[in-house]
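Taking it in order: structure first as structure tokens, then the write-up.
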Amino acid sequence: MTPEQIEVVAFALGGVFLSMVCNQLLLKFSESLGIRNKNDVVVRWSNQSKPSLGGVSFFVVFIFSTFGYLMMSDDSNIFHNARYGYEFAGLFIAGSLAFLMGLADDAYNTRPFAKLFVQIACGVILLLTGTLIHVTHNDYIDAFLTVLWVVVVMNSLNMLDNMDGITGTTVVFILLSCLFSHWFFNGFNSDIWSLSLLAVLGALLGFLRYNIHPSRLFMGDAGSQFIGLFVAFFGIKFLLNVSGENYAPSWIGVVITLTAFTGAAADTLTVVINRLKKGKSPMVGGKDHTTHHLAYSGKTDRQVWMIFFVIGLISTLLCCLMLQLDMNHHSSLVALLGLYFFIVFFFLYRYTIRYKEPQKEHKK
């Protein structure tokens, strides 16, 4: 194996190992101290109280991967490149802020407007450090879309975190799409972007060992907010802006991104539509997600997870195909494959119409 291949494998396996060790210690930590108050746990679909500490491992692995890269890299590392150095600094600062805000929410149940303010601040930090969506090619509009994108993704993944294994699995496939996109256009390499993605992918796989039904651990807001920011950043860098790599129309990146985010986007869109139809705020929690309605139809938690697993797998495979078509300038075929999102959306939305909650709606 080449040195780059060894680094890639080491960071991926290291992420898995460190995540499993961290989550096992967190489980022991929560058992030894006990559950002191209602803010130490999250009540989910199963109506069982479990520690919501899993997301801590995502941030720990991210920090260790960053320092690991710095120790292994020579004088040509990313921090000697002004543009990429600023971008990574933005990811690091905004990711830390998102994690701390989520941790505070897990501990103190912060107010929604405070969370929104921090999410907007995270988007602004990315913006000020050089991360910008290039869709309209109008700097002011693209800047607004960048901040909006960060807020929407962070909330979308937080909302999706309502049943065992769903968010973690969905994010694994989104990040795989980002990683493959990076390698498609930049070649196989072990730069900071690849290693960060691989390390956090490893952390997610290590976490899913404890989170797939029947789960022993939830990621909590600390996890969903950090991973939401992480996904939003790499979604911009390697999916939304992919058209710039091949001088393709800007809408190509939008279609590829929508495909990669199919599971999360379809769930969020369904919830927003249904809540607005009922005159409710989309930001108010409830057991009316696509995952819940799949369960109302008689499917087990494991079957619901398998549906989202298959959706994520197909999304990633289609993204790879679309990236290849984009490289060969077959824009019309990319648009055709983009219909996949609408097929999945109508499939999931149909369940919310046909199968209702048997009891009066409960707050999330």
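Nothing in this text is a laboratory measurement; each read-out follows from the coordinates by a stated rule. Values in this document were obtained by computation on a predicted structure and should not be read as measured data. Methodologically, a virtual Cβ is constructed for each residue, glycine included, from the backbone with ideal geometry; neighbour enumeration extends over all protein chains shown.
Given the rule -39500 (n - 2.57) for each run of at least 4 DSSP H residues, summed and divided by the residues of the chain, what is its mean residue ellipticity at 222 nm, to the nearest 500 deg cm²/dmol?
For the chain, the value works out to -24000 deg cm²/dmol.
Quick one: order SER96, SER224, SER190 by neighbouring beta-carbon count within 10 Å, fewest to most.
Listing SER96, SER224, SER190 from fewest to most nearby Cβ atoms yields SER96, SER190, SER224.
When Lys and Arg each count +1 and Asp and Glu each count -1, what net charge do the other residues less than 13 Å away from GLN225, Cβ to Cβ, add up to?
Around GLN225, the charge tally is -3.
Considering only TYR108, LEU179, LEU70, whose Cα is most displaced toward the positive end of the charge dipole of the chain, charges sitting on Cβ of Lys, Arg (+1) and Asp, Glu (-1)?
Toward the positive end, the furthest listed residue is TYR108.
Of SER156, SER196, SER215, which has the largest mean-square fluctuation in a 10 Å C-alpha GNM of the chain?
Comparing SER156, SER196, SER215 in a Gaussian network model of the chain, the most mobile one is SER215.
Quick one: Kirkwood hydrodynamic radius for the range 80-235, alpha-carbon pairs, angstrom, one decimal?
Result for the range 80-235 stands at 16.1 Å.
How big is the dipole moment of the chain about its Cα centre under a simple scheme where the beta carbon of each Lys and Arg is +1, that of each Asp and Glu is -1, and everything else is neutral? Debye, nearest 20, please.
Approximately 1800 debye in magnitude.
Give or take rounding to whole Å, what are the principal axis extents of the alpha carbon atoms in the range 234-320, in descending order?
46, 31, 17
Going toward the positive end of the dipole of the chain, with +1 on Lys and Arg Cβ and -1 on Asp and Glu Cβ, which of VAL61, GLY263, SER190 do you reach last?
Farthest towards the positive pole: GLY263.
Report the one residue of SER224, VAL284, GLY168 whose Cα lies farthest in the direction of the positive end of the charge dipole of the chain (charges on C-beta: Lys and Arg +1, Asp and Glu -1; origin at the Cα centre).
VAL284
For the chain, just the Cα atoms, rotate onto the principal axes and tell me the three extents in Å, largest first.
Sorted largest first, the three principal extents are 57, 50, 40 Å.
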